Amino acid sequence: QVQLVESGGGLVQPGGSLRLSCAASGSFFSITATGWYRQVPGKQRELVAGITSGGSTNYADPVKGRFTVSRDNAKNTVYLQMNSLKPEDTAVYYCNAEIRHSAVGGSSNYWGQGTQVTVSS
């Protein structure tokens, strides 16, 4: 069974930094696209940043220049480095991954359990 386990959330002051990690465990063939999303109460979950297996990245406008998404394919782990954090970045952050089960089989979409990021003085 495939699982995505996130870590690295917490409380940070405005202007500070955090790094989130998301590790995939279980039996699978490969991870294709991965992404980080965030959600605040009463609002829809929104894409923060994404990265493909080839390393192409995309970012939501509010985080461009402050957040960096990266991945370590050998460790099946994706990271989100968040710098210059603002109170409006406060949310639950979720990892998402499209995972192939075999070389010729299909793929499935998975979500992590979420990690709280709070930016406050």
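Read-outs throughout are calculated quantities, based only on the coordinates presented, and are distinct from any laboratory measurement. The model shown is predicted, which means the values in this text are computed figures rather than measured ones. Cβ atoms come from the backbone with ideal geometry, glycine included; neighbour counts cover every protein chain shown.
Key figures
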{"item": "Of the criteria (1) without any contact (Cβ under 8 Å) to a residue 40 or more places away in the chain; (2) farther than 25 Å from VAL40 by Cα, which one LYS75 fails", "result": "(1)"}
{"item": "SER107 touching a residue at least 12 places away in the same chain (Cβ under 8 Å), exposed (fewer than 12 other Cβ atoms within 10 Å of the Cβ) and out of contact with any Phe, Trp or Tyr (no Cβ under 8 Å at 6 or more places or on another chain)", "result": "no"}
{"item": "Criterion violated by ASP89 - all others in (1) without any contact (Cβ under 8 Å) to a residue 60 or more places away in the chain; (2) surrounded by fewer than 20 Cβ atoms within 10 Å (Cβ to Cβ) satisfied", "result": "(2)"}
{"item": "THR90 being within 16 Å of the chain's Cα centre (by Cα), among the β-branched types (Val, Ile, Thr) and under 21 Å from GLN3 (Cα atoms)", "result": "no"}
